[in-house]
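Participant: Structure in structure tokens, see below.
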Amino acid sequence: GAVVSQHPSWVICKSGTSVKIECRSLDFQATTMFWYRQFPKQSLMLMATSNEGSKATYEQGVEKDKFLINHASLTLSTLTVTSAHPEDSSFYICSARDPAPDEQYFGPGTRLTVT
Amino acid sequence: AQSVSQHNHHVILSEAASLELGCNYSYGGTVNLFWYVQYPGQHLQLLLKYFSGDPLVKGIKGFEAEFIKSKFSFNLRKPSVQWSDTAEYFCAVKHTGTASKLTFGTGTRLQVTL
């Protein structure tokens with residue numbers, strides 16, 4: 001199956017700093033990518049939908065100024081957590097949609113810890 | 001808004017036991033249904049999906065799921081589990097009008113003992 005990578009897999013940052021997480025589709029072009037957040041023992045919560053070349057669509061309750069999403073190419077989307085706080089600590093997972101077939105492939109996730 | 005319920009949060013089975021994980025969703029329109037598996041330390045992988053047609057869907061690794069529209073359910077089954085099936089299982093629903101947005105259940109942790 002198709003492969004989606006995320007980098008870094010694990011990051012620790014200090015409160016107030018920004019962190020960028022990359023999501024890449026390695027062997028297909030993804031016009032749409034999704035960013036999820038997963039809390040311990042909870043479900044994946046969709047944060048935003050990222051379309052190549054256009055602004056991301058954020059889910060209700062997600063601060064767009066805090067979670068900046070850029071989808072500059074068909075194989076790369078980035079999530080930047082700005083002015084991170086300890087409550088932003090979480091597991092962030094991206095997925096990329098391969099239009100043919102219409103299927104989503106998930107990255108391995110990024111564990112963010114804000115101290 | 002649609003929601004997905006997985007009633008079994010943690011299931012422990014012995015090898016060779018049969019498995020059934022429940023999944024119910026709360027949307028009355030046309031939906032696509034999925035089961036994903038997340039093995040320890042790995043990313044989510046698609047087990048099977050239902051879009052239309054035969055409501056009994058067969059997936060990888062001997063898993064199957066049955067879509068029962070009248071019960072808004074899509075339960076996952078496997079006749080005989082293996083130790084290697086130990087993982088987290090997520091049910092997900094996509095409303096066909098929501099541009100591929102998936103709504104996930106809370107997941108079921110399956111632990112298979114030898």
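The values are calculated or read from the model by the stated rules, or taken from the named source; none is laboratory data. Computed from a predicted structure; not experimentally measured. So basically every Cβ, Gly included, is an ideal-geometry build from the backbone, and we count neighbours across all protein chains shown.
Participant: Which condition number in (1) outside any strand (DSSP E or B); (2) within 14 Å of the chain's Cα centre (by Cα); (3) modelled with pLDDT of 95 or more is the one that A:Lys64 fails?
Facilitator: Checking A:Lys64 against (1) outside any strand (DSSP E or B); (2) within 14 Å of the chain's Cα centre (by Cα); (3) modelled with pLDDT of 95 or more, the one that fails is (3).
Participant: Which condition does A:Pro108 not pass, out of (1) surrounded by fewer than 20 Cβ atoms within 10 Å (Cβ to Cβ); (2) within 12 Å of the chain's Cα centre (by Cα); (3) part of a strand (DSSP E or B); (4) not hydroxyl-bearing (Ser, Thr, Tyr), if it passes all the others?
Facilitator: (3)
Participant: Looking at the stretch B:60-109 only, could you name the residues that are surrounded by fewer than 17 Cβ atoms within 10 Å (Cβ to Cβ), of a type in the set (D, E, K, R), in contact (Cβ under 8 Å) with a residue 24 or more places away in the chain and part of a helix (DSSP H, G or I)?
Facilitator: Those that are surrounded by fewer than 17 Cβ atoms within 10 Å (Cβ to Cβ), of a type in the set (D, E, K, R), in contact (Cβ under 8 Å) with a residue 24 or more places away in the chain and part of a helix (DSSP H, G or I): B:Lys61, B:Lys71.
Participant: Quick check: anything in the stretch B:18-26 within 20 Å of B:Thr103 (Cα to Cα) and among the charged types (D, E, K, R)?
Facilitator: Taking every residue of the stretch B:18-26 in turn, none turns out to be within 20 Å of B:Thr103 (Cα to Cα) and among the charged types (D, E, K, R).
Participant: Do you know which of the residues in the stretch B:14-50 that are of a type in the set (Phe, Trp, Tyr) and in a loop (DSSP other than H, G, I, E, B) is nearest to the other protein chains (Cβ to nearest Cβ)?
Facilitator: B:Tyr39
Participant: Also, I was wondering about something else. Can you give me the number of residues within the stretch A:10-47 that are modelled with pLDDT of 95 or more, facing chain B (nearest Cβ under 10 Å) and either part of a loop (DSSP other than H, G, I, E, B) or more than 21 Å from B:Leu46 (Cβ to Cβ) (or both)?
Facilitator: So the count comes out to 0.
Participant: I'm checking my understanding of the structure. Among residues of the stretch A:67-103 that are within 12 Å of another protein chain (Cβ to nearest Cβ) and surrounded by fewer than 19 Cβ atoms within 10 Å (Cβ to Cβ), which one is modelled with the highest pLDDT? Before you say what the answer is, go through the steps one by one.
Facilitator: Just the residues of the stretch A:67-103 that are within 12 Å of another protein chain (Cβ to nearest Cβ), to begin with: A:91, A:93-99, A:101-103.
Of the ones still in play, those that are also surrounded by fewer than 19 Cβ atoms within 10 Å (Cβ to Cβ) are A:91, A:99, A:101-103.
Numbers: A:Phe91: 94, A:Pro99: 80, A:Pro101: 75, A:Asp102: 77, A:Glu103: 83.
Per the criteria, the residue is A:Phe91.
Participant: Kindly check whether there is at least one residue in the stretch A:50-63 that is of a type in the set (D, E, K, R), surrounded by fewer than 18 Cβ atoms within 10 Å (Cβ to Cβ), at positive phi and within 10 Å of chain B (Cβ to nearest Cβ).
Facilitator: No: zero hits.
Participant: Being away from chain A (no Cβ under 14 Å) and not small (Gly, Ala, Ser), is that true of even one residue in the stretch B:87-109?
Facilitator: no
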